[in-house]
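Here's the structure, in C-alpha cells; my notes come after.
Coordinate-derived values only; no laboratory data. It should be emphasised that the depicted structure is a prediction, and the values quoted were computed from it without experimental measurement. When we count neighbours, we look across all protein chains shown, and the Cβ atoms used for this are built from the backbone with ideal geometry, even at glycine.
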Amino acid sequence: MIGALSALWPSRRIPLAWLLLSRQPGRLLVALAGISFAGILMFLQLGFRDGLFDASVILHKRFDADLVLLSPRTMSSIAMAGFPRRRLVQVMADPAVAGTTPVHWTMLLWRNPQTRTTRSILALGFDPGDPLFSDSDLASKANVLSQHGRVLFDELSRPEFGPVASWFRQGRTIETEVAGKRVRVGGLVALGPSFGADGNLLTSSETFLTLVPNNPAGSIELGLIRLRPGEAAEAVAKRLRAQLPNDVTIYTKQGFADFEQDYWRSSTAIGFIFSLGTAMGFVVGCVIVYQILHSDVSDHLPEYATLMAMGYPLPQLLGVVAREGLLLALMGYLPSWLAAQALYGLIRDATKLPVAMDNQRGLLVFAMILAMCLGSALMAMRKLGDADPAEIF
Amino acid sequence: MPTRLRSSEPNPSVSPPPPHQPLPDPAKAAGSAASVAITQLSHWYGQGVNQRQVLDQVNLSIQPGEVVLLTGPSGCGKTTLLTLVGALRQVMEGSVRLFGQELNGATRRQRQLRRRQIGMIFQGHNLLRCLSAEQNVQMGADLLPNLGYRARRDLAREWLRAVGLEDHLNKLPHDLSGGQKQRVAIARALAAEPRLLLADEPTAALDSRTGREVVELLRGLARNQGCSVLMVTHDPRILDLADRLVQMEDGRLMEDGRLLQAALAVASSGSVG
C-alpha cells in the first residue's frame, strides 16, 4: 500500500503540516473544537434565518394556484385586507383561466379545549368543493367541512392550542370555541406554524362567515387563479392587471411567496439579527484559528529558522502554514456539519420550523470556514518573517 | 576555560577603518580549488556610536575534505564567521568564496540556494520536535533534487545506520539522548550531500566521551564524502581531531602550530584523565 503510494507519488514529501498539528493532539483538539463551534454557530444562525423565512410561506407554497389576487392594502399574511369577490368572477372571463377559488383569511381566537385559554389562530375559509392546496389529500378531508360548524385542525400547530391531534386520533369528539362560536374538529391536516400564525385551521366559507359575522358581504382576502396548461403565468398576470381596476393586485404564486418573505425581511430585524449572529461565529472562529496558528508558528520558530538555514525557501515554509490552515478547515467542518444535522432535528421538534440542511448552506458554511482558516493562516505567516536563520547558531 | 578578552579591544572608530596593508593571503596561496576562500573579511554590528567590529580582515581558506577547528574566547567573532560562511548573513566587506562563487553581494535567493550545499550542525541539535529521527533526516534528503520519495527515505535510513541509530528510526527527538540527537543532526546535515559542514560547538551539550565520539564520527563521514568541515569548539579534548587548528581573538585569526601541539597535549592528558 505505502510502497504503491510512493511509486505513484515520487515527489512526496514529509507531511510536515499534518505532523506539526497531530503531534500536539491537545492543541489540535482545542483548535478543532473552536472551528467546529464556530461552524455550528454559523449553521444554527443561518438555519434559523432560512427556517423562519421558509416557514413564513409554508401556506403560500401549497396553494393550488398559478396567480393570486390580493387587496393592495394587504401587507402580509397577518394583515390581509378584503377585496370584492366579483373581481375573481371577472377573471374567469379570460380564456387562459381554468378555474378560481375564493379564500377567506383572518386571525381568530381559538380556545384550548384542555386549558380553556384562548390563542390566536389563522383561519382559512373556502368552498369545500373548490381545490385549495395542490396536494390531493385535502379533497377527501374537505367533505367533512360541508357540515356546518366543522373545522380541520393543523396537527403541526404549536402545542399551546391543546392536545387536539392526539385526542382526535383517540377518537374523542373535540368541541371548542373559535371566535366565541362552537366548532367541532372534523379532521386533521399538516401545514405547520409560521411567523405570523402559531397554528392553522381550515373551514368552509359558510362556517367562516358564521365565525366572522361582520365580514363585509362579497368580500374575500385571497383569490386563487388556475391557468390552462401551457399558459405563461407572467403574461396572463400582465394582461389581467391591465383589465382589472386598481382595487386588486395580482401576483404569480412565487411572487406571492416573495411578497410575504420581503415583508418579514424588511419590516423585522430577523434577517439582520441572524446574519449578525453568523458574522459573530465567523469572527470567533477567525480569532481561535489565528490564535492557534500564530502560537504554533511562534513555538516552532527556531525549527522554521533551522529549515531556512538548511536551504528551504520561505515560500515552501509558508505553504506548510497554509496547509495547516486547510487541514484545520477540513477537520473542523465535518464535526460541525454532523452536529448541525442533529441540532436541526432538535430545532424541528422544538419549534416545528422547517429547518433542514441543504447543500447551499453546507457549501456556504464550508466556504466561510475555509476563508476563516486560510485568512488566519495568512496572518500567522507574517510571524514567519521573524524567523532569522542567522540567529540560530 | 577561556577568559573573555573582548573588553581589551579598543572601541573601533565610527566608520569602517581604512583598509590596512594586505596581509599574506592564505586563500591565494591555496589556489581557487579551495572549498572556502575568505579574504579580508570584516564585519560590524550595530549603528553609529554603538557600532562594534566583530571581524577584522579575516583570511582563511579550507581545502576539500579538510577539517578545520576554530577556537577562541567567547564573543571573539567565531559564530559570526560561521554565519557569514554559511550564507546566513550578508557579507559587508571583504570576500567569501564558496566553491568558487562569491557571497559578497549575493541576493537572498542566491544565498538560500548556496545554503543547500552547506550542512549545519548546531549547539542545540535543532531537530524538528514533531518529526521522528528518520523524518528529520529525510528533511535533509528532501533537499536533493530529482530523487523519488522512496530513494530519499532509503537515503535517510542509510545515514541513520551510518551514525549507528538504525534501531531508533521512529523515535521522536524527545525520546533520544543528547548524543543520539546530535547524531541525528549529523545524519540530517550529511543527507543533503553538502560539500561543506559548519558546526557550532556540537559537543557543548554532550559529556566529553560522547562528544569525542560524535566528532570522530562526523570527521570520518565528512572525509568519506570529500566534505570540508569548519567547526567552532571550546572543547580541548577534540582539538587533536583537526587537520588544522585556527584560533581567533578579537576578530582576528591566528594560525599557530604550537597551539595545536599544546592542544594535543591537553587532549591526551584529558582523555587519560
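Of the residues B:ASP175, B:ASP250, the one with the fewest other Cβ atoms within 10 Å heads the list, and the complete ranking is B:ASP175, B:ASP250. Phi-derived couplings, Karplus 6.51 cos²θ - 1.76 cosθ + 1.60 at θ = phi - 60°, listed residue by residue for the stretch B:225-240: 8, x, 9, 7, 10, 10, 10, 8, 8, 10, 7, x, 6, 10, 4, 6 Hz, with x used for Gly and Pro. Around B:LEU197, under 15 Å between beta carbons, what's the net of Lys plus Arg minus Asp minus Glu among the other residues? That works out to +3.
Only Lys, Arg, Asp and Glu carry charge here, each on its Cβ (+1 for the first two, -1 for the last two); on that basis the stretch A:212-315 has a dipole of about 720 debye about its Cα centre.
For the stretch B:123-140 versus the stretch A:315-352, the spacing of their alpha-carbon centroids is 32 Å. For the stretch A:230-303 and the stretch A:21-90, what is the separation of their Cα centres, given in Å? Answer, in whole Å: 9.
Cβ-to-Cβ counts within 10 Å put A:VAL189, B:VAL58 in ascending order as A:VAL189, B:VAL58, the fewest first.
Could you tell me which of rounded, prolate or oblate describes the stretch B:115-172, using a ≥ b ≥ c as the square roots of the eigenvalues of the alpha-carbon gyration tensor, with rounded for a/c under 1.5 and, failing that, prolate when a/b is larger than b/c and oblate otherwise? Cα axes put the stretch B:115-172 in the oblate bin.
Of interest is the spacing of the C-alpha centroids, which for the stretch B:55-122 and the stretch A:160-211 amounts to 91 Å.
Partner aspartates and glutamates whose Cα lies under 13 Å from the Cα of A:LYS141, excluding those fewer than 8 positions away in the same chain, are identified as A:ASP127, A:ASP130, A:ASP154.
Straight Cα distances below 30 angstrom link A:LYS383 to the lysines B:LYS78, B:LYS171, B:LYS181, with same-chain residues fewer than 8 positions distant left out. Any chance you could give the angle, 0 to 90 degrees and rounded to 10, that helix A:314-351 forms with the longest Cα principal axis of chain A? So the helix axis and the longest Cα principal axis differ by about 30 degrees. Straight-line cross-link partners of A:LYS238 among the lysines, defined as a Cα under 19 Å from its Cα and at least 8 positions apart when in the same chain: A:LYS253.
Using the alpha-carbon positions of the protein assembly as shown, Rg (one decimal) and Dmax (whole number) come out as 41.7, 125 Å. Could you tell me which of rounded, prolate or oblate describes chain A, using a ≥ b ≥ c as the square roots of the eigenvalues of the alpha-carbon gyration tensor, with rounded for a/c under 1.5 and, failing that, prolate when a/b is larger than b/c and oblate otherwise? Prolate, since a/c reaches 1.5 and a/b exceeds b/c. Tilt of helix A:253-267 relative to the longest C-alpha principal axis of chain A, in degrees (0 to 90, nearest 10)? It works out to around 70 degrees. Counting beta carbons within 10 Å around each of B:ILE121, A:ILE347 and listing the fewest first gives the order A:ILE347, B:ILE121. Angle, helix A:270-299 long axis vs. longest principal axis of chain A, Cα atoms, 0 to 90°, nearest 10? Between helix and principal axis, roughly 10 degrees. Sparse packing (at most 13 other Cβ atoms within 10 Å of the Cβ) combined with a DSSP loop state is found for none of the trypsin sites (Lys or Arg not before Pro) in the stretch A:342-393. Computed about the Cα centre, the dipole magnitude for the protein assembly as shown is approximately 700 debye when only Lys and Arg (+1) and Asp and Glu (-1) carry charge, each at its Cβ. Residues whose amide H comes within less than 5 Å of that of A:THR100, counting only those at least five positions distant or on another chain, are A:ARG226 (H built at 1.01 Å from N in the peptide plane).
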